[in-house]
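Worksheet for the structure shown next.
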Amino acid sequence: MSAALELRGLTVTRRDRRVLEGVSFGAERGEMLGLVGPNGAGKTTLLRAALGLQRREGGEVWLGGAPLERLSDARRAFLAAYLPQERRVAWNMPAEDVVALGAVGLPAHQALAVARECLEQLEVGALARRGVLDMSGGERARVLLARLLATGAPLLVADEPAAGLDPEAQMLILERLRARARAGAAVVVTSHDLALAARACDRIAVLHSGALAALGAPRDALSPKVLATVFGLEGALVDAPGGLVLSARRLTAQRTPASVDGMAEASVAPRAGEPYA
Amino acid sequence: MRLAALLVLALAAAFALSIAFGETMLSLGQYAQALSDPGSPPGEILFAIRAPRGACAALVGAALGLAGAVMQGLLRNPLAEPGVLGVSAWAGCAAALAITLGLGAMAGALETAALLGALGAGGVVAVIAARFREPETLILFGIALAALGGALTALVFNLSPSPVTTAEILSWLQGSVANRDWSDLPPALAPMGLGAALCLYAAEGLRMLTLGDESAAMSGLPMARLRVAALVGAALLTGASVSLAGVIGFVGLAAPHLVRGAVSDDPARTLAPSALAGAILLTLADLLARVIPTEEELRLGVVTALFGAPLFALVAWRASRSWRA
C-alpha cells in the first residue's frame, strides 16, 4: 500500500530565505508521526507545503499515492485534513455546527451526528450547542480537533493541537489522534512538548533549520546528541512510571536546574498528617 | 424556516404601511376609492407613486442586506458592509461624473454609470483578492480604493460647472427612492438577480471561511472560485443598489447583525434572512423619510445614517466579543 504522505526533497523559499531544504520522509497509514523542532525550524511551513497550502521551490509531494499537483481540491480534501495552529474562529457558531464543517459532503443530519460523536470522543459532548467564542481556549481547541476527526480523512495533519492546554487535555488530544492512527489513518502532528510527542508517536521526525536532523523511533530520533545539537539541551528521554519524560537542562545556562522529570515525579499527594485543603 | 416566514410577514406589513402612509394623508373614503378604482387620484397616489417607491426601497434594502452579509462572511469581520471595499464609492463617483457630463437627463445613463463604476471597483478588488488571501490586506486595499473613489468624487465636485450640478450630485449621493416608478425596477433586477445568485452560490464557502483560509482551502470546496463569486456578486448587488437609489449606508452593516443570532451565527444561513431584514429596514426608513414633516423631504441616506449610526455603535459593542476571542 502506498504511503498516505510522501515528501521527496521538499524545498521551500520565503522572501529569499530558504525555509526548507530537501526534506524527505513519509507517513504510512496506521502510523502516528511526530514532527518536532525548535521555533522557526520550518514545521508549519513543512505541513503547509505538504498539503499544497504553501508554494514549494523543489521536490515532490505525494498524497495517497498520487502527486499533489494532480489532485483536485475535492480529492485532496478526501485524502487529507488539516488542523492549523491558529485557533481563531470568526463567528460564534455552536460547537456541533463547527465540527460538522469537517464532515463535508454528508447530508446535514448525518454530518451533525458525526459531529456529536466526535465531540463526545473529546469529552465536550455537553457543549455541543454552545457558541465556540463563549468557550475557554481549551474547550475550543477540543472542538477544533473534533472538526479534524470529523473529516474521517486517511491522513490527519495537526499543527500543535495540544499547545497551551492543561496536561490532561494534552494527553486526551494525543490519545484520540493515536486512536485514529490505530484505526488505520496516518497522523502527522507537531509539538513542542518532546516527551509528550515521544510518548504518543510511533516515529519522530526532527526538523532543524529547515532540514531533517533525525527520523526514527522516539528514543533514537531524540537521542542525547540530537537534543544537544538541535535543541541546545543536555539530557535525555528517560523512562518513568507514566511513560517517557525529558530530563534535561540548557546547555549554556549552567545554573538552570530544569529537570522536568523531577517535576513530573514530584508528589502531589499531601504529606502524612496534612489534611486536604 | 420560522425566521424566514416571520421576516416575510414583517416585510409584507412594512410594505403595506409604506403604501398606506406618506406625505399626503388620505381619508377613509379616499382609501376605499383607491382600492375600488386604482385609476382614481387616491389610487394613483397609492399604486403609481407609493407602491413602486416602496418596492424600490425593499429591493435596494434586500440587495444591501445580502451584500453586507456576504462581505462580513468573506472578510470574517462583523464591521464589514457593502461599501467596505470601495464599491459604492466608485459607483457614486461614476454617477457624479455622469451628472457633471450632462448625462443625467438621458434615460438609464446614470444607472449604467453607477453600475459600471461598481463593477470596475469590484473587478480590481477581485484581482487583489486572488493574490492576497488575508482579509486584513483586502480591507486595507478596499479602504485605499474607497478613499480614491471619494477623492475623485470630490474632484468632480470641485470641477463641476455649476452650483446646480453640484446640488444635483450631492442630492443624488445622499440616496433616495423618491419619484421612482415601476419602469425603473426591471433594469436593476438583472444585475441584482445575477448578484444574488452568485452570493448564494458562494454561501457554502463563506461558512467554511469561519475557520480561516487554510481550513477552508482544505475543505475540498473550490474556494478560489467561490471567493470571486462572492466579491462579484456583492459588487453587482451594491452597484445596482447605488444605481437605483444612490449611496445608502448602514443597512448593509446592520441587517446581518439583526438576524445573525437567529441562525446560530452561520454565515451561509445569514444571507437570505439578512436580505429580508435589509428590505424591511429600508422600507421603514423610506416611510420615515416621507412622514417626518420637514420642509424638504428627508433623503433616504440621511435617515438610514441618522438611525443607523447609533445601531452601528451597538453592533460594535456586541461584536467586540469576537475580537477578544
Original post:
How large is ³J(HN,Hα) for each residue in the stretch B:21-26, as worked out from phi by the Karplus curve 6.51 cos²θ - 1.76 cosθ + 1.60 (θ = phi - 60°), to whole Hz, x for Gly and Pro?
Top reply: 10, x, 4, 8, 7, 9
Subject >> Exercise: per-residue mean of other protein chain Cβ atoms within 10 Å, A:91-98 >> reply: 6
**OP:** Working with all protein chains in place, sort B:Ser183, A:Ser247 by solvent-accessible area computed with a 1.4 Å probe, largest first.
**Re:** B:Ser183, A:Ser247
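What is the protein assembly as shown by shape, rounded, prolate or oblate, if you read a ≥ b ≥ c off the alpha carbon gyration tensor as root eigenvalues and call it rounded for a/c under 1.5, prolate for a/b larger than b/c, and oblate otherwise? If you can, show how the numbers build up before the last one.
Working: a/c = 2.77, a/b = 2.24, b/c = 1.24.
Judged from the Cα gyration tensor, the protein assembly as shown comes out prolate (a/c at least 1.5, a/b above b/c).
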Original post:
Across peptide A:221-230, how many C-beta atoms of other chains are within 10 Å of each residue C-beta, on average?
Top reply: 0
Original post:
Using the eigenvalues of the Cα gyration tensor, what equivalent ellipsoid semi-axes result for the stretch B:8-68 when each is taken as the square root of five times the eigenvalue, whole Å, largest first?
Top reply: 26, 11, 9
**OP:** Let me have the 222 nm mean residue ellipticity of chain B computed from DSSP H runs of 4+ only, each contributing -39500 (n - 2.57), with the sum over all residues rounded to the nearest 500.
**Re:** -24500 deg cm²/dmol
Original post:
For the stretch A:61-133, what's the relative contact order in percent, using C-alpha pairs closer than 8 Å and at least 6 residues apart?
Top reply: 32 percent
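Please average, across the residues of A:58-68, the number of beta carbons from any other chain that are within 10 Å of each residue's own beta carbon, and give a whole number.
Details: counts 0, 0, 0, 0, 0, 0, 0, 0, 0, 0, 0.
Per-residue shielding by partner chains comes out at 0.
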Subject >> Amide H within-cut-off set for A:Ala185, under 5 Å, with H built and near neighbours excluded >> reply: A:Gly30
Original post:
Can you give the extra length, in nm with one decimal, that the chain gains between A:Glu69 and A:Ala163 once fully stretched, where that is 0.36 nm per residue apart less the Cα-Cα distance?
Top reply: 30.7 nm
**OP:** Tabulate in residue order the Karplus-calculated ³J(HN,Hα) for the stretch A:154-164, using 6.51 cos²θ - 1.76 cosθ + 1.60 with θ = phi - 60°, rounded to whole Hz; enter x for Gly and Pro.
**Re:** x, 10, 10, 10, 10, 8, 6, x, 10, 5, x
**OP:** Please give, to one decimal in nm, the separation of the simple spin-label points placed at B:Val164 and B:Leu101, each 7 Å out from Cα toward the Cβ.
**Re:** 2.1 nm
Subject >> Crossing angle, helix B:2-20 versus chain B [Cα axis fit, 0-90 degrees, rounded to tens] >> reply: 30 degrees
Original post:
Based on the mean of other beta carbon atoms within 10 Å per residue, what is the order of B:12-23, B:107-118, most packed first?
Top reply: B:107-118, B:12-23
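The values are calculated or read from the model by the stated rules, or taken from the named source; none is laboratory data. Quantities reported herein were computed from a predicted structural model and do not represent experimental measurements. We place every Cβ from the backbone using ideal geometry, glycine too, and count neighbours over all the protein chains shown. We work out accessible area using only protein heavy atoms, side chains counted, and drop any ligands, DNA or RNA first. Shrake-Rupley method; radii C 1.70, N 1.55, O 1.52, S 1.80 Å.
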